[in-house]
Amino acid sequence: MNKIHTTCMVASLVISPLSLSTSAEAQDATNNSIRLEPTLHLRLAHGNTSLPADEVAFGGHDPSEDNFNFQGFEIGTNIYLGDYVSGFATINTFKRDGEDFESEFEEGFLKIDKLPGGFELRGGRMLARFGDQNARHLHAWDFADANMTNVRFLGEDGFGYDGGELTWLVPTSWQDALSIGLGSAVAHDHEEEDHEDEGEDEGEHGHDEEAEMARPDKNIIVIRYQAQFGPNDFHRFQAGGSFLTGDNGFGLTTDVYGADFTYTWRENGLESGGQQFRWRSEWLMRDVENDEGGFEDSGFNTALLWEFSENWEAGLRYGYLEGVADPELAERHRISPSLTKRFDFGSDLSGLVRLQYNHDDIRGHGKEDSIWLQFGFDWGPGEVR
């Protein structure tokens, strides 16, 4: 994909509403069938590691070098076409260790809701509704880096695909939804470049390339069932089960299974303010067929997040990955305490400063410690999902 062309295309979607917004109120009801709401998100990080940072970084937007890291600048817009059609488009510009700035078109889809029977239909480029974190962009993460399980099983930048998705809002006393998506996985330019370099150095398949080839690529099917429930407005639960299958880079099949659970307690219920506590947990398992017969591996992560004072949040995360024979799929443990201070500047503008420490225990690499100070700036409304 031509990165410059893609950047201009998405930037035009964002800039255009800035000029339209001044005349939108004047036009009022005579021209409100098309509405765009721009969003901007920036994430930067500065820190150090006891090992080379690129050996410790797991996700495509994780801090990957000591000192300064440009994790991502997301330019996006919500799209509203009348009362029944909405959508979202975004591009992320970032810089990986020792490389030039890159831009990727992460999402661009339209959604038709309020269909008979409680159905919704999405089409375009989407982050798959799989598990807890995958459908959330960089700015919506609870920590400065991605959960390890998501990166190993779903890809460095999360699992996105080009295709269609049908969601049924199940008519129960809870808030239940069943989603089924079909399509082809998004190929990321930086991953393809990494594979070419590793292939030259290590033969037919480099270790990183084999790990990437294990992920589903074509003929994708994604299924998710999610339920939200709770006895009152103060205690809420969310549980979900996910399944992903498709042809992998070996021309065979990879299946990924997931289960996730979130508990939320709010001191003031649905009203703003007060303390808040969240417990997020997710388990993933993968069954990979390859040229040598295949393998199975699994992983788990759990996180506690406590907003103990207004705009102050303490976090603690533990992640575990089961090891297999491939050196790039070694057993790994990570524990991450964090402290986040959020700022509300008004007019949909906010920011954050997050201090995070990671302790990794990687079989074959030893123990590693890293500390990051992350800065974030956000502008705009919530995103259409």
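The values are calculated or read from the model by the stated rules, or taken from the named source; none is laboratory data. These figures come from a predicted structure and were not determined experimentally. So basically every Cβ, Gly included, is an ideal-geometry build from the backbone, and we count neighbours across all protein chains shown.
Quick check on my filter: what residues within the range 133-187 are outside any strand (DSSP E or B), surrounded by 18 or more Cβ atoms within 10 Å (Cβ to Cβ) and β-branched (Val, Ile, Thr)?
Filtering the range 133-187 for residues outside any strand (DSSP E or B) gives 133-159, 172-174, 186-187.
Going one step further and asking which of them are surrounded by 18 or more Cβ atoms within 10 Å (Cβ to Cβ), we end up with 133-135, 137-139, 141-159, 186.
Those that are outside any strand (DSSP E or B), surrounded by 18 or more Cβ atoms within 10 Å (Cβ to Cβ) and β-branched (Val, Ile, Thr): THR149, VAL151, VAL186.
Considering each of GLY269, GLY251 in turn, give the residue that is part of a loop (DSSP other than H, G, I, E, B), without any contact (Cβ under 8 Å) to a residue 12 or more places away in the chain and either surrounded by fewer than 17 Cβ atoms within 10 Å (Cβ to Cβ) or not hydroxyl-bearing (Ser, Thr, Tyr) (or both).
Working: GLY269 fails: without any contact (Cβ under 8 Å) to a residue 12 or more places away in the chain.
Of the residues listed, the single one that is part of a loop (DSSP other than H, G, I, E, B), without any contact (Cβ under 8 Å) to a residue 12 or more places away in the chain and either surrounded by fewer than 17 Cβ atoms within 10 Å (Cβ to Cβ) or not hydroxyl-bearing (Ser, Thr, Tyr) (or both) is GLY251.
For residues in the range 224-275 being among the aliphatic types (A, V, I, L, M) and out of contact with any Pro (no Cβ under 9 Å at 6 or more places or on another chain), which is nearest to THR167 (Cα to Cα)?
Of the range 224-275, the ones among the aliphatic types (A, V, I, L, M) are 227, 239, 244, 252, 256, 259, 270.
Filter once more, so that each one left must be out of contact with any Pro (no Cβ under 9 Å at 6 or more places or on another chain): 227, 239, 252, 259, 270.
Values: ALA227: 13, ALA239: 17, LEU252: 28, ALA259: 18, LEU270: 26 Å.
Applying the filter and picking the extreme gives ALA227.
Inside the range 110-138, can you point out the residues that are among the charged types (D, E, K, R) and touching a residue at least 24 places away in the same chain (Cβ under 8 Å)? If you could, list the steps in order and put the result at the bottom.
Taking the range 110-138 as the starting set, the residues that turn out to be among the charged types (D, E, K, R) are 111, 113-114, 120, 122, 125, 129, 132, 136.
Correct list: LYS111, ASP113, LYS114, GLU120, ARG122, ARG125, ARG129, ASP132.
Cβ contacts < 7 Å: first residue closer than 13 Å to GLU307 by Cα, restricted to the range 333-347; second residue outside any strand (DSSP E or B) and among the hydrophobic types (A, V, I, L, M, F, W, C), any location; separation 6+ or different chain. Result?
SER338/PHE143
Out of GLU198, GLU191, I need the residue that is within 20 Å of LEU321 (Cβ to Cβ), in contact with a helix residue (DSSP H, G or I) (Cβ under 8 Å, 6 or more places away or on another chain), of a type outside the set (S, T, N, Q) and modelled with pLDDT under 90. Which one? I'd like the intermediate steps shown before the answer.
Details: GLU198 fails: within 20 Å of LEU321 (Cβ to Cβ).
Answer to the check: GLU191.
Take the range 306-338 and flag every residue that is farther than 20 Å from THR49 by Cα and assigned to a loop (DSSP other than H, G, I, E, B).
Result: GLU310, ASN311, GLU322, GLY323, VAL324, ALA325, ASP326.
Can you tell me which condition LEU352 does not meet? The list is (1) among the aliphatic types (A, V, I, L, M); (2) farther than 25 Å from LEU154 by Cα; (3) loosely packed, with under 15 Cβ neighbours inside 10 Å, and all the others hold.
Only one criterion is unmet by LEU352, namely (3).
Each row is one residue, and each column tells you yes or no for (1) modelled with pLDDT of 95 or more; (2) closer than 30 Å to GLU331 by Cα.
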{"residue": "GLY76", "(1), (2)": "yes, no"}
{"residue": "ILE79", "(1), (2)": "yes, no"}
{"residue": "PHE88", "(1), (2)": "yes, no"}
{"residue": "ASN92", "(1), (2)": "yes, no"}
{"residue": "ASP97", "(1), (2)": "no, yes"}
{"residue": "PHE105", "(1), (2)": "yes, no"}
{"residue": "LYS111", "(1), (2)": "yes, no"}
{"residue": "GLY124", "(1), (2)": "yes, no"}
{"residue": "PHE143", "(1), (2)": "yes, yes"}
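For the range 254-313, what are the residues that are closer than 21 Å to GLN356 by Cα and hydroxyl-bearing (Ser, Thr, Tyr)?
Those that are closer than 21 Å to GLN356 by Cα and hydroxyl-bearing (Ser, Thr, Tyr): SER281, THR302, SER309.
Which one of the conditions (1) at pLDDT below 90; (2) closer than 25 Å to ARG286 by Cα does ASP132 fail to meet, given that it meets all the rest?
(1)
So that you can scan it fast, the table gives a plain yes or no per residue for (1) more than 21 Å from GLU313 (Cα to Cα); (2) assigned to a strand (DSSP E or B); (3) hydroxyl-bearing (Ser, Thr, Tyr):
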| site | (1), (2), (3) |
| --- | --- |
| GLN228 | yes, yes, no |
| PHE237 | no, yes, no |
| GLY258 | yes, yes, no |
| GLY274 | no, no, no |
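Listed here are the residues, each with its yes/no results for (1) aliphatic (A, V, I, L, M); (2) in a loop (DSSP other than H, G, I, E, B); (3) within 20 Å of the chain's Cα centre (by Cα).
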| residue | (1), (2), (3) |
| --- | --- |
| GLY47 | no, no, no |
| ASN69 | no, no, yes |
| GLY72 | no, no, yes |
| TYR80 | no, no, no |
| ALA89 | yes, no, yes |
| GLU99 | no, yes, no |
| SER103 | no, no, yes |
| ILE112 | yes, no, no |
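Of everything in the range 332-385, what is hydroxyl-bearing (Ser, Thr, Tyr) and out of contact with any helix residue (DSSP H, G or I) (no Cβ under 8 Å at 6 or more places or on another chain)? Give them in sequence order.
Our first condition is that a residue be hydroxyl-bearing (Ser, Thr, Tyr); within the range 332-385, this holds for 336, 338, 340, 347, 350, 357, 370.
If the condition is that a residue be hydroxyl-bearing (Ser, Thr, Tyr) and out of contact with any helix residue (DSSP H, G or I) (no Cβ under 8 Å at 6 or more places or on another chain), then SER336, SER338, THR340, SER347, SER350, TYR357 are the ones that fit.
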